[in-house]
1. Of all the strands (runs of 3 or more DSSP E) wholly in segment B:8-97, which have at least 2 residues that are on the phi > 0 side of the Ramachandran plot and facing chain A (nearest Cβ under 10 Å)?
2. Return yes or no: is A:TYR32 facing chain B (nearest Cβ under 10 Å), open to solvent by less than 70 Å² (accessible area, probe 1.4 Å) and modelled with pLDDT of 95 or more?
3. Would you point out the residue of segment B:36-72, among those that are in contact with a Lys or Arg (Cβ under 6 Å, 6 or more places away or on another chain) and crowded, with 19+ Cβ neighbours inside 10 Å, that is nearest to A:LYS5 (Cα to Cα)?
4. I need the strands (runs of 3 or more DSSP E) fully contained in segment A:1-94, keeping only those with at least 2 residues that are of a type in the set (A, V, I, L, M, F, W, C).
5. What's the number of the condition B:CYS92 fails, among (1) surrounded by fewer than 17 Cβ atoms within 10 Å (Cβ to Cβ); (2) in contact with a Gly (Cβ under 7 Å, 6 or more places away or on another chain)?
6. So, in segment A:66-99, how many residues would count as being open to solvent by 10 Å² or more (accessible area, probe 1.4 Å) and within 10 Å of the chain's Cα centre (by Cα)?
7. Go through B:THR101, B:THR31, B:THR76 for me and flag whichever is farther than 21 Å from A:GLN2 by Cα, among the β-branched types (Val, Ile, Thr) and open to solvent by less than 50 Å² (accessible area, probe 1.4 Å).
8. Output the qualifying pairs, or none if there are none: Cβ atoms under 8 angstrom, residues six or more apart or on different chains, first residue in segment A:39-67 and more than 12 Å from chain B (Cβ to nearest Cβ) and touching a residue at least 24 places away in the same chain (Cβ under 8 Å), second residue open to solvent by less than 60 Å² (accessible area, probe 1.4 Å) and part of a loop (DSSP other than H, G, I, E, B).
Amino acid sequence: QQQVKQSPQSLIVQKGGIPIINCAYENTAFDYFPWYQQFPGKGPALLIAIRPDVSEKKEGRFTISFNKSAKQFSLHIMDSQPGDSATYFCAARGGQNFVFGPGTRLSVLP
Amino acid sequence: EAGVAQSPRYKIIEKRQSVAFWCNPISGHATLYWYQQILGQGPKLLIQFQNNGVVDDSQLPKDRFSAERLKGVDSTLKIQPAKLEDSAVYLCASSLSGVNTEAFFGQGTRLTVV
């Protein structure tokens, strides 16, 4: 019940495309849902986050859509660029710690 | 604002040896986390501190792993003795206390056990 499922495992899009990464959870006690971006050799960096009382949040080219009833949330990257090529992790906060999904490796082709 | 500092960046040891990692969190962050990230997987929480007290160490292999956070600031994570399956990146993160506070990660220590 503490798991966060994430798909797809990897994703390849052309520059300008809109990659979508999906996550699902079971634990209704999760109360905060951040997305992290990780480049090789670096630690994860916070990208954008949402609370469950909000259905959508946009920051620049990044959008989180949140469906509380379905216990699902997704990340959309508008006008993707080669510099967006990285591994993306969804996470959920339960109590005082974070549970991470297994990650999606995104490649944006020039 | 300085980020989370970790050292060393890389470490190669033989199995059954011991190793220690150090973390200095962002100033003022009361909560400190140690995560293990195996290649191709998401980070897995090992231990969480609130100031110098342990909040959650349920996934810490206590027969070989130990961690401390003296004075509620810096923290060390130790493995003794190391096993091959301990090869991973060890990430330290810190956050402010309270709800809706995100965790900020260091660059991690890549451990290879041979």
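The values are calculated or read from the model by the stated rules, or taken from the named source; none is laboratory data. Since this is a predicted model, take the numbers as computed values, not measurements. Note that we place each Cβ from the backbone using ideal geometry, even for glycine, and neighbour counts take in every protein chain shown. To get the accessible areas, we keep the full protein, side chains included, count just its heavy atoms, and leave off ligands, DNA and RNA. Shrake-Rupley method; radii C 1.70, N 1.55, O 1.52, S 1.80 Å.
1. No strands (runs of 3 or more DSSP E) qualify here.
2. When the stated conditions are applied, A:TYR32 does not pass them.
3. That would be B:GLN36.
4. So the answer is A:10-14, A:20-25, A:33-38, A:45-50, A:62-67, A:72-77, A:86-94.
5. If we test B:CYS92 against (1) surrounded by fewer than 17 Cβ atoms within 10 Å (Cβ to Cβ); (2) in contact with a Gly (Cβ under 7 Å, 6 or more places away or on another chain), just (1) comes out false.
6. Result for segment A:66-99: 3.
7. B:THR76
8. A:PHE66/A:PRO52; A:PHE66/A:VAL54
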